[in-house]
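Inspection log for the structure reproduced underneath, given as structure tokens.
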Amino acid sequence: MIDHHYIYNLLKKTSNVTKDNIRQSLLKAKDRKRLSHKDIAVLLQIEEEEDLKELFKIAQDIKQEIYGKRIVIFAPLYLSDYCVNSCLYCGYKRENQFQRRKLTREEIQEEVKLLEKMGHKRLAVEVGEDPINCSIEYVTEAIKAIYETYNEHGNIRRVNVNIAATTVDNYRKLKDTGIGTYILFQETYHQPTYEKVHVSGPKANYAYHLTAFNRAIAAGIDDVGAGVLFGLYDYKFEVLALMLHNEYLEKEYGVGFHTISVPRLKKAEGMDIASFPHIVTDQEFKKIVAIIRLAVPFTGIILSTRESHEMRKEVIEYGISQISAGSCTGVGGYKEEEQGEGRAQFEVSDHRKPFEVIQDLIENDHIPSYCTACYRMGRTGDRFMALAKSGQIQNVCGPNALMTLMEYALDYGDEEFQTVINTMIDKEIVNIQREDIKNLLLEKIEKMKQGERDLY
Ligand code: SAM
């Protein structure tokens, strides 16, 4: 699936790219043509400021054209830090001595209530890998518990799941709980590096990990989300490999990744970040996000709080479509944060509360969105991609994002914030071309003001 020599060759062939080569590949992106592997390799070789600027500008235009001002918000929820793997980069590696734990149903519901109190509607469930202490039944029961936790404003409407590669049977059980996207990071596509950093445990099996999405899709999971842990190996190799993996799934199943995550390696317990020779610089990171945006315009790109406020602000412009906010990366972390304690899987950089993140997004002319409509209307997998590619999705995404923002303002905002959102909606409604959609939105917003919720 990932032909290493093919990638090495692409990178070798493009190692001396000329300005003209770069311009041609950028022009293709500008004309909204599909980029070849060679184009992507050419863009990965960009070093000069002037070319980078042009790359960022095109990425920004594509982002704007396809996603408008919308940014989807979610939070991770760590359920268990038991782990049988030995991954050199991870704070949960089995050699690390600390009191491992997993949340009980009551504790899960306590964490969810804290997340709901912040206004969250979308979660990403995270666990370490331990078939005994954290079985698939534990995970599925936990997901049910999450969906069943209500506060006065409703419940969590979409649970995405990031659990270790598993069997078709287990993926089927996961699917039956009504998950959104199944997320799994390949960490590195470079097999020798993969084998070096995954010292032991089930995760050490490169082929099993790489084929996880085949099994997830075979089990009926429509949306799969990939990722690379940038910093383990050469980012140029990784971006090309991600694209090959995506194309493989497109050919095999008619639809590629629903999302791509771009985590960068951070300090963690029991690892020395200086011992990793492929750390990605800020400039390289921005380039990665922009190139992914050009190469797969309709695939969501997810950014976590591993990145600083400043970096997040910048790459949101170049292509990010989903961000986490107010995250804790430890089991029971939301409660512990309230109590001022906690053990994280890795360090985070953006420590702001969701409300601050939302205010900041609005100040920068973005529309924070808690929308979950596509998944709940069955617009998943190839159905979602077909709609996205036809541009028709615009008719639903924009208005739905505004509705979830209105709902957030009514339930979690003060009068001043509600006025800001009302003004914003008045401004945005003018840009909606279709009268019927405009009227429907106005009608639903009015209904929400009268007390109805969860409209889309
Ligand atoms: N156990 C699941 C698996 O095996 O895929 C994954 C869940 S783990 C909680 C989520 C992700 O955190 C990992 O896939 C890895 O990419 C990321 N991660 C681990 N250590 C990290 C570090 N030091 N810095 C940044 N991200 C890290």
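May I ask you to derive the FRET efficiency for ASN439 and SER200 from their Cβ-Cβ distance with R0 = 60 Å, giving the value to the nearest 0.05?
0.50
Please give the contour-minus-distance gain from ASP411 to LYS12: 0.36 nm per residue of separation, less the Cα-Cα distance, rounded to one decimal in nm.
Extending this stretch completely gives an extra 138.1 nm.
Toward the positive end of the charge dipole of the chain, about the Cα centre and with charges on Cβ (Lys, Arg +1; Asp, Glu -1), which of ASN395, GLY68, GLY254 goes farthest?
My answer, from the dipole projection, is GLY254.
Just in the range 121-181: which GluC sites (Glu not before Pro) are loop by DSSP and have at most 16 other Cβ atoms within 10 Å?
GLU148, GLU152
Using Cα-only point scatterers and the Debye equation, what is log10 of I(q)/I(0) for the range 105-227 at each q in 0.17, 0.18, 0.22 Å⁻¹, rounded to two decimals?
-0.87, -0.95, -1.24
Treating only the Cβ of Lys, Arg, Asp and Glu as charged (+1, +1, -1, -1), what charge dipole size does the chain show about its Cα centre? Round to the nearest 20 debye.
In debye, rounded to 20, the chain gives about 1260.
Say the dipole of the chain comes from +1 at the beta carbon of Lys and Arg and -1 at that of Asp and Glu; which of ILE2, THR177, MET271 then lies farthest toward its positive end?
Working it through, the farthest residue towards the positive pole turns out to be ILE2.
Given all pairs of different Cα atoms, what value in angstroms does the Kirkwood hydrodynamic radius of the range 205-314 take? Walk me through the numbers on the way to the answer.
Working: mean 1/r = 0.0662 Å⁻¹.
Kirkwood hydrodynamic radius for the range 205-314: 15.1 Å.
Using a Förster radius of 30 Å, what is the FRET efficiency between HIS5 and GLU137 based on their Cβ-Cβ separation? Nearest 0.05, please.
Here the calculated transfer efficiency is 0.10.
Please state the shape class of the range 219-266: rounded when a/c is under 1.5, otherwise prolate if a/b exceeds b/c and oblate if not, all from the C-alpha gyration tensor.
oblate
Would you give the gap between the C-alpha center of the range 308-357 and the C-alpha center of the range 214-279, rounded to a whole Å?
Comparing the Cα centres of the range 308-357 and the range 214-279, I get a distance of 20 Å.
Write out the cysteines belonging to the chain for which the nearest other cysteine Cβ is not under 4.7 Å, or none if no such cysteine exists.
So, CYS83, CYS134, CYS328, CYS371, CYS374, CYS397.
Which shape class applies to the range 1-87: rounded if a/c is under 1.5, otherwise prolate when a/b exceeds b/c and oblate if not, where a ≥ b ≥ c are the square roots of the Cα gyration tensor eigenvalues?
Verdict is oblate for the range 1-87.
Please give the length that would be gained between VAL430 and LYS57 if that part of the chain were fully extended, namely 0.36 nm times their separation in residues minus their C-alpha to C-alpha distance (nm, one decimal).
Computed gain between VAL430 and LYS57 is 131.7 nm.
Between VAL420 and LYS117, how many nm apart are label points set 7 Å from Cα along the C-beta direction?
About 2.2 nm, to one decimal.
Per q in 0.09 Å⁻¹, report the Debye log10 I(q)/I(0) for the chain, using one uniform scatterer on each alpha carbon and no solvent.
The Cα Debye sum returns log10 ratios of -0.57.
Per residue, what volume in Å³ does the Cα convex hull of the range 175-225 take up?
77
Going by a ≥ b ≥ c, the root eigenvalues of the Cα gyration tensor, does the range 281-398 fall in the rounded group (a/c under 1.5), the prolate group (a/b larger than b/c) or the oblate group?
It comes out prolate by the Cα gyration axes.
I need the Kirkwood Rh of the range 382-450: take the reciprocal of the average 1/r across all distinct C-alpha pairs and report it in angstrom.
Every distinct Cα pair counted, the radius reaches 12.9 Å.
Which trypsin sites (Lys or Arg not before Pro) from the range 259-288 combine a DSSP loop assignment with at most 13 other Cβ atoms within 10 Å? The partial results should precede the final answer.
Values: sites: ARG264, LYS266, LYS267, LYS286, LYS287; in loops: LYS266, LYS267.
Within the range 259-288, the qualifying trypsin sites (Lys or Arg not before Pro) (loop, at most 13 other Cβ atoms within 10 Å) are LYS267.
Per 0.36 nm of contour for each residue apart, how much would the distance between ARG34 and HIS351 grow if the chain were fully extended, relative to their Cα-Cα spacing? If you can, show how the numbers build up before the last one.
On the way: separation 317, 0.36 × 317 = 114.12 nm, distance 3.75 nm.
Working it through step by step, the gained length comes to 110.4 nm.
Which of the lysines could a cross-linker span from LYS203 if the Cα-Cα distance has to be under 25 Å and same-chain partners fewer than 8 positions apart are dropped?
LYS93, LYS102, LYS173, LYS175, LYS236, LYS266, LYS267
Based on DSSP H runs of at least 4 residues, each adding -39500 (n - 2.57), what is the mean residue ellipticity at 222 nm of the chain after dividing by all its residues, to the nearest 500 deg cm²/dmol?
Values: 20 runs with 225 residues, N = 456.
For the chain, the value works out to -15000 deg cm²/dmol.
May I ask you to list the GluC sites (Glu not before Pro) in the range 1-97 that are in a DSSP loop and have at most 16 other Cβ atoms within 10 Å of their Cβ? Don't skip to the answer; put the middle values down first.
Working: sites: GLU47, GLU48, GLU49, GLU50, GLU54, GLU65, GLU95; in loops: GLU47, GLU48, GLU95.
Sparse-neighbourhood loop GluC sites (Glu not before Pro): GLU47, GLU48, GLU95.
FYI, it's all coordinate maths here, none of it is from the lab. None of the values given here were measured: they were computed from a predicted structure. In this analysis, Cβ positions are derived from the backbone assuming ideal geometry, glycine residues included, and neighbour counts consider all displayed protein chains.
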